[in-house]
Amino acid sequence: MLSVQDINVYYGAIHAVKGVSFEVEEGEIVTLIGANGAGKSTTLQTVSGLLRSKTGSITFLGENISGVSAAKLVSRGLAQVPEGRRVFLQMTVEENLEMGGFTQPSSTIAPGLERVYEQFPRLKERRRQVAGTLSGGEQQMLAMGRALMSNPRLLMLDEPSMGLAPILVEQIFDIIQELNKGGATILLVEQNAQMALSVAHRGYVLETGRITLSGPGKQLLEDEAVKKAYLGG
Ligand code: ATP
């Protein structure tokens, strides 16, 4: 579904992503794990059209999407849930969700809302509440629901566990697995390697801009180097 080949991304003189290649197949959960500053968000933002690679290619659903704008990519089925959620704090839950559907024909908004509310009953309860007053976990659900409103083929999540209490992290990862079982293909960027690798079919380890290891999620969980560097032992 997604094929990233040899991308190199710079911030001025800083070479943040160095020759990164990876694949996501339809129906998979794939995770990119790595420490602070490893280049995970930069990689995701390059796929979603917010940053440009100097080299290589990015293919989504068989088409080269290098240089295609983020807005166009959303209409083509690529949705991103950004790091830090970035919900519209002054708007209500429902208005946030409607914003997520803006690339879709207006007739699909009501059924889209129904689907999201079925997935996230908490959002339905709070649909008239302004997003700024939601808890961190609820804001993460809202950011995910907003992305789902564009009816994506591929959902990309940037550190959904960030800043959440362990119980909420578990809940968010349960939802990620449920979405996947319902047919969603997911690319997940995480610092929480334990959780990410335990739900992912396959994972890639990013270190200072390069992929140093890859394999099935369960296999990486057992890898001695991964355990030492990312799993506290
Ligand atoms: P984190 O988990 O902390 O978000 P990350 O793996 O997502 O880390 P990136 O945010 O992709 O890492 O950052 C990769 C490198 O690029 C880091 O060295 C970072 O300092 C640098 N970088 C990121 N954004 C910018 C920017 N806007 N300007 C300059 N350098 C940047």
How do Lys40, Lys228 line up, fewest other C-beta atoms within 10 Å first?
Lys228, Lys40
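Kindly provide the helix-only [θ] at 222 nm of the chain, computed as the sum of -39,500 (n - 2.57) over DSSP H runs of four or more divided by all residues, to the nearest 500 deg cm²/dmol? If you can, show how the numbers build up before the last one.
Details: 10 runs with 87 residues, N = 233.
Calculated from helices alone, the mean residue ellipticity at 222 nm is -10500 deg cm²/dmol.
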By how many degrees, between 0 and 90 and to the nearest 10, does the Cα long axis of helix 166-181 differ from the longest principal axis of the chain?
90 degrees
Which residues qualify? For Gly101, with a placed amide H closer than 5 Å and at least 5 residues away or on another chain, they are none
Report the extension gain between Glu23 and Ser214 in nm, rounded to one decimal, defined as 0.36 nm multiplied by the number of residues separating them, less their alpha carbon distance.
67.7 nm
For the range 79-151, how big is the tail of P(r) above 21 Å, as a whole percent of Cα pairs?
13 percent
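Can you tell me the alpha carbon radius of gyration of the chain divided by the globular rule-of-thumb value 2.2 N^0.38 Å? Provide the component values of the computation, followed by the final result.
Numbers: Rg = 17.2 Å, N = 233, 2.2 N^0.38 = 17.5 Å.
So the chain has a normalised radius of gyration of 0.98.
For each of Asp223, Asp174, Asp158, count neighbouring Cβ atoms within 10 Å of the residue's Cβ, then give the residues from fewest to most. List each step's numbers first, then the result.
Details: Asp223 17, Asp174 11, Asp158 24.
Final ranking by Cβ density, sparse to dense: Asp174, Asp223, Asp158.
Hey, could you get me the Stokes-Einstein D for the range 1-133, Kirkwood radius over alpha-carbon pairs, 20 °C and 1.002 mPa s, rounded to whole µm² s⁻¹? The partial results should precede the final answer.
Details: Rh = 16.8 Å.
The calculation lands on 128 µm²/s.
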Under 9 Å from the Cβ of Ser41, count the other residues' Cβ atoms, weight Lys and Arg +1, Asp and Glu -1, and hand me the total.
-2
Return the whole-Å distance between the Cα centroid of the range 1-71 and the Cα centroid of the range 89-142.
28 Å
Considering only DSSP beta bridges where both residues belong to the chain, give the percentage that are antiparallel (nearest 5).
55 percent
Phi-derived 3J(HN,Hα) across the range 24-36 with the Karplus relation (6.51, -1.76, 1.60, θ = phi - 60°), rounded Hz, x for Gly and Pro, is 10, 8, 4, x, 8, 10, 10, 10, 10, 10, x, 6, 3
What does the C-alpha gyration tensor say about the overall shape of the range 1-76? Classify as rounded when a/c is under 1.5, otherwise prolate if a/b is larger than b/c, or oblate.
oblate
Would you mind ranking Phe88, Phe60 so that the residue whose beta carbon has the fewest other beta carbons within 10 Å leads the list?
Phe88, Phe60
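No lab work stands behind these numbers, since they all come straight from the coordinates. Note that the structure is a prediction, hence the values are computed from the model and not measured. Neighbour counts are summed over all protein chains in view; Cβ atoms, including those assigned to glycine, are modelled from backbone coordinates with ideal geometry.
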